Structure formats: structure tokens, C-alpha cells
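The values are calculated or read from the model by the stated rules, or taken from the named source; none is laboratory data. On a predicted model such as this, the values are computed, not experimentally measured, just so you know. Please note: Cβ atoms are built from the backbone with ideal geometry, for glycine as well, and neighbour counts cover all protein chains shown. When the accessible area is computed, the model is the full protein with side chains, heavy atoms only, and any ligands, DNA or RNA have been set aside. Shrake-Rupley method; radii C 1.70, N 1.55, O 1.52, S 1.80 Å.
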Amino acid sequence: MIWQPIAIDPATASPLPTPQPTAIALLSGGLDSATAAALAVEAGYAVIGLSFDYGQRHRRELLAAKAVAQALQLAEHHTIAVNLASWGGSSLTDQAIAVPTDGVQSGVIPSTYVPGRNTVFIALGLSLAEARGASKLVLGVNAVDYSGYPDCRPDYLSAFQTLADLASKSGREGHGAQLWAPLVLWSKTEIVREALRLGVPVDSTWSCYSGGDKACGICDSCRIRDAALIEAGHPELASGALSSH
Ligand SMILES: [Zn+2]
């Protein structure tokens, strides 16, 4: 009997199980990164969370990142130390510089900008992504209802993708990790609504620039977040301080 190859009709053949794709999600402990990570989970990725102990003013947001990773049932969560407070240069990494509380000023990059922060973090995220064969690096950056940070803008992300493709073995081979910033052009209110739809534990996230047991309600991050929570119909999740200021 002559061996015959078996013809498989692709329309009726049962598909081979495909391995679950992996994504790395940078988790700050804030609402935006939690929402972006939740979107990656919803899209079917095994998500590895990555957080940075960078010498920020308080540890509160690292506890929030851990809580978010647990709530979203991420595959893994790593926190690594990169002490940007060694040289400061920001009100978030230098206790001698006060966190501004006067509201966001259009066209002014505030002192809460941390020199090179996202460039450092994304580089480390890409390293982890390549080591684990992850196809996406998920970022919660947002360029709309925010303080105009240069490293949260679409042109920055596009340029970083070009660098990533050139800088890595996987990129040169054509399968490097893609930066994925699904919220970059969303309003904060849209992000809040999506977070609630996805079941993100909003009350476990921490966006305030100041430490303490409760969010301050007057730093830029609190103001933007609280306004969005109220606009989205959830004043009970706001810091509660807005109404008294
Ligand atoms: Zn605050």
C-alpha cells in the first residue's frame, strides 16, 4: 500500500491549541496602569506585572500595585529597585521639592515630572519582555487629562518602538515586543468607565503624589482622578477632598 498524505481540510480541522501569548504590564499602582493591564488580561494574555521601587515619596503605590496584581490574577508580579532618588530632580523623588497643589497649568511641565522615568522603565520592561518572549509591553500612559509629561506622548512611544525594534535580538528577527498604550488618547473619564467595566479594583489603586493614609485630593493627580470619578458618576470613589477645596 502506498503511503498517502492525509488531506486536511482547514475548514473542518480542529485547530491546534495555541500557546497563550504573554504580555508585560508596567504597574505603578495607579488607575491607568491597572486599567491597561486589565485590558491585556481581557484580550487573553498571560500578564506579568512589573513595578519599580524608584525612590518615590512613599511606598503606598507599591502596595497598591501588589493589590492590583492580585485582584487581576496576573501570572506574575515583580517589583525591582531602580533608585532614581539618588539624583532627584523631581518633587516625587526629592523631599526638598514640594508637590504642587495649585492645579494643572496648560503648557507647563510640572515638578512632578521625573527625569527620564518612563525611558528607564520601558527599557527595563523591554528587557523582561524579550527574556520571556512576551509580544506586548503594556503601558498605562495617557497624554490627554494629564500634566503634559514628554514621556507620555504618542510621538515618544512611536520613537521608542523604533528603538526597541533595532535594539533587541527579537526585534531584529521581526518578533520583538510591541509597546501597547491603549489609553494614550483617552480622557480620564473614559479610563474610569473602562476600569469599572473591567472590574479593576479602583479603590485599591493609588494615584496621589503624596503619601499618607488617604489621598490628599489637591495634588494634580488627585484633582484629575477625582474630577473623572465624579464625572463618571462615582463620587464615592473620589478622595472626598475636592468638595472642600
Ligand atoms: Zn494627591
Straight-distance crosslink candidates among lysines, where the alpha carbon sits under 20 Å from K169 and sequence neighbours closer than 8 are dropped: K136
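Run the numbers on the chain and let me know its relative contact order in percent, using alpha-carbon pairs under 8 Å that are six or more apart. Before the final figure, lay out the partial values.
Details: 440 pairs, mean separation 53.9, N = 245.
Normalised by residue count, the contact order of the chain is 22 percent.
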Paramagnetic reach from A131 in region 25-42 [backbone N under 19 Å; point 7 Å along Cα→Cβ]: 25-28
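Using only alpha carbon pairs under 8 Å that are at least six residues apart, calculate the relative contact order of region 143-217 and give it in whole percent. Intermediate results must be reported in sequence, preceding the final value.
Values: 46 pairs, mean separation 18.2, N = 75.
Contact order relative to length: 24 percent.
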Surface accessible to a 1.4 Å probe, per residue, for the residues of region 71-200, Å²: 51 Å²
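Rounded to the nearest 0.05, what FRET efficiency do N83 and L198 have when you use their Cβ-Cβ distance and R0 = 35 Å? Please list the in-between numbers first.
Numbers: r = 32 Å, r/R0 = 0.93.
According to the calculation, E is roughly 0.60.
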Computed E for L16/L163 - FRET, C-beta separation, R0 35 angstrom, nearest 0.05: 0.50
Cross-link partners of K66 among lysines (Cα-Cα below 16 Å; sequence separation of 8 or more within a chain): none
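Considering only protein heavy atoms and a 1.4 Å probe, what is the carbon-and-sulfur percentage of the accessible area of region 146-222? Please report the intermediate quantities before stating the final value.
Details: 1920 of 3610 Å².
That share works out to 53 percent.
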Cα→Cβ-extended label distance, 7 Å offset, between R172 and I97, nm: 3.7 nm
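Express the carbon and sulfur contribution to the solvent-accessible surface of region 27-105 as a percent, rounded to the nearest whole number, probe 1.4 angstrom.
Values: 1700 of 3430 Å².
Roughly 50 percent, rounded to a whole number.
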Where labels lie 7 Å past Cα in the beta-carbon direction, separation of E42 and K214 in nm: 3.1 nm
Contour excess over end-to-end distance, with Cα ends at S106 and A75 and 0.36 nm allotted per residue: 7.2 nm
